[in-house]
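For reference, the structure discussed in these notes is given below.
Values quoted throughout were computed directly from the atomic coordinates according to the rules given, and no laboratory measurement underlies them. As the structure is a computational prediction, the values presented were derived from the model and not from experiment. All Cβ positions, even for glycine, are placed from backbone atoms using ideal geometry, and neighbour counts span all protein chains on display.
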Amino acid sequence: NTKITQSPRYLILGRANKSLECEQHLGHNAMYWYKQSAEKPPELMFLYNLKQLIRNETVPSRFIPECPDSSKLLLHISAVDPEDSAVYFCASSQDNHRGTGGSSAETLYFGSGTRLTVL
Amino acid sequence: GDSVTQTEGLVTVTEGLPVKLNCTYQTTYLTIAFFWYVQYLNEAPQVLLKSSTDNKRTEHQGFHATLHKSSSSFHLQKSSAQLSDSALYYCALNTGYQNFYFGKGTSLTVIP
């Protein structure tokens, strides 16, 4: 999926700080960070809608998201722990609110992911 | 609460035979969509099928699924499995307002 690009593709960290980057070229208004550990489904970490953080799941404080504009998403990681080893996916969707009719249920699209390995 | 259940963690099928992956759900929302995502090794999940219409068959890449609200199910089927179908399959529910719920996934292995 080249419409949602993530970098870096692979990351090996000791106790250093690092940032993951994501950019979507789909014109979507919602962007997500998901964590996928081995043999598990993706788990939501953060959700932004129109640059506003609207979902912040139970995530260690060493993970700090940032949404500089509606097409870009960053995930700053500091002092990683071995339990942080996983693949981190950026995702996006277009939510079309229908006023009193509620929200239409749109498709979630994933980027290619960043595989984080903590030494 | 809202949830998706995939009863089989591992499914093994012989090439050329039919395969069925089960998915049931629980939700109180009316505006909903259902998905099957496929995730190949070392790749991202990608949408395989999507449906929000009751009793309508949806097809893509030889796979098909029909949403049955009466039984709260959205099973994935294929009449003839191929070696290239080996992957992880996730059933997912979107209740709107960016609320996505994933099942635990089913690992499908197709053997010669």
Under 10 Å, Cα contacts only: if you run a Gaussian network model on chain B, which one of B:12, B:95, B:58 comes out with the highest mean-square fluctuation? B:12
Long pairs among B:69/B:104; A:51/B:56; A:51/B:20; A:18/B:50; A:3/A:40, criterion Cα-Cα beyond 32 Å: A:51/B:56; A:51/B:20; A:18/B:50
Of the beta bridges DSSP finds with both residues in the stretch B:3-111, what % are antiparallel, to the nearest 5? 85 percent
Average Cα contact separation per residue, chain A, under 8 Å, 6 or more apart, as relative contact order %: 35 percent
Calculate the mean, over all residues of peptide B:100-109, of how many other protein chain Cβ atoms lie within 10 angstrom of the residue's Cβ. 3
Cβ-Cβ cut-off under 15 Å around residue A:72, Lys and Arg +1, Asp and Glu -1: the net charge is -2
How big is the dipole moment of chain A about its Cα centre under a simple scheme where the beta carbon of each Lys and Arg is +1, that of each Asp and Glu is -1, and everything else is neutral? Debye, nearest 20, please. 140 debye
Direction-averaged shadow area of the convex hull around the Cα atoms of the protein assembly as shown, nm²? 13.0 nm²
Exposure-ranked with fewest Cβ neighbours within 10 Å first, A:81, A:95 stand as A:81, A:95
Only Lys, Arg, Asp and Glu count, each charged at its Cβ (+1, +1, -1, -1), so figure out the dipole size of chain B about its Cα centre, rounded to 20 debye. 240 debye
Hey, could you grab the Kirkwood Rh for chain A? Inverse mean 1/r over distinct alpha carbon pairs, Å, one decimal. 14.6 Å
Which of B:63, B:74, B:100 has the fewest Cβ neighbours within 10 Å, and the rest in rising order: B:63, B:100, B:74
Looking at the protein assembly as shown, which Cys residues are left with no other cysteine's beta carbon under 4.7 Å from theirs? A:67
Could you pull the Cα extents of the stretch B:3-111 along its three principal axes, largest to smallest, in whole Å? 39, 28, 22
